[in-house]
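Enquirer: Just passing along the structure, written as structure tokens.
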Amino acid sequence: ISGGWELEVHGTEAKLVRKIAGEKITVTFNINNSIPPSAEEDTQEQQKPDEQEPELTSTPNFVVEVIKDDTKQSLVLDCHFPEDEIGHEGEEESDIFTIREVSFQPPGEADWKDTNYTLNTDSLDWALYDHLMDFLADRGVDNTFADELVELSTALEHQEYIKFLEDLKSFVKCQ
């Protein structure tokens, strides 16, 4: 991923970390259940025999955590790819991901506390929502980043899928 992100992968979970101007930005995602269900009934009826199957793309939910060096809390933004936005590259000024929830959490906590207030963006003023999207873009989390995240996630998902099939084959062969 462009922009100086460091990648850590642990099984199906991936973490991208970047440090800029006194902040640590961490983007975490899991490839499990990241391929949207295909409408197989629709595609099989409409598909001509020579047509290729549509390419499977991994679009995981992802969490952006921003920690400022001098604070004891982190801003956490829970983001996802809405299904109707995937593949609409031609649309101008359209965000391909959205922020679903925003909260403050203790930095570095593996499990976030349900006791901390979480703001659902459905009820958020649009101007404040735009400021949050600009806040992310200023830290390198924008449409270009999201496109690259989809490419990375898809590659990791395919890699894990092949490994799973190989493990399944050897497990089933076992006497």
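Enquirer: Taking 0.36 nm per residue of sequence separation and subtracting the Cα-Cα distance, how much length would be gained by fully extending the chain between L56 and D167, in nm to one decimal?
Expert: Values: separation 111, 0.36 × 111 = 39.96 nm, distance 2.13 nm.
Length gained, L56 through D167: 37.8 nm.
Enquirer: A further question follows. Just the number please: accessible area per residue for region 104-175, 1.4 Å probe, all protein chains included, in Å².
Expert: Values: 5260 Å² over 72 residues.
For region 104-175, the solvent-accessible area averages 73 Å² per residue.
Enquirer: For a quick check: with amide H placed at 1.01 Å from N, whose amide H comes under 5 Å from R100's, ignoring anything fewer than 5 positions away on the same chain?
Expert: D78, C79, H80
The values are calculated or read from the model by the stated rules, or taken from the named source; none is laboratory data. Computed from a prediction, not measured in an experiment: that's the story for all the values here. Quick note on the areas: whole protein, heavy atoms, side chains included, nothing else; ligands and nucleic acids left out. Shrake-Rupley method; radii C 1.70, N 1.55, O 1.52, S 1.80 Å.
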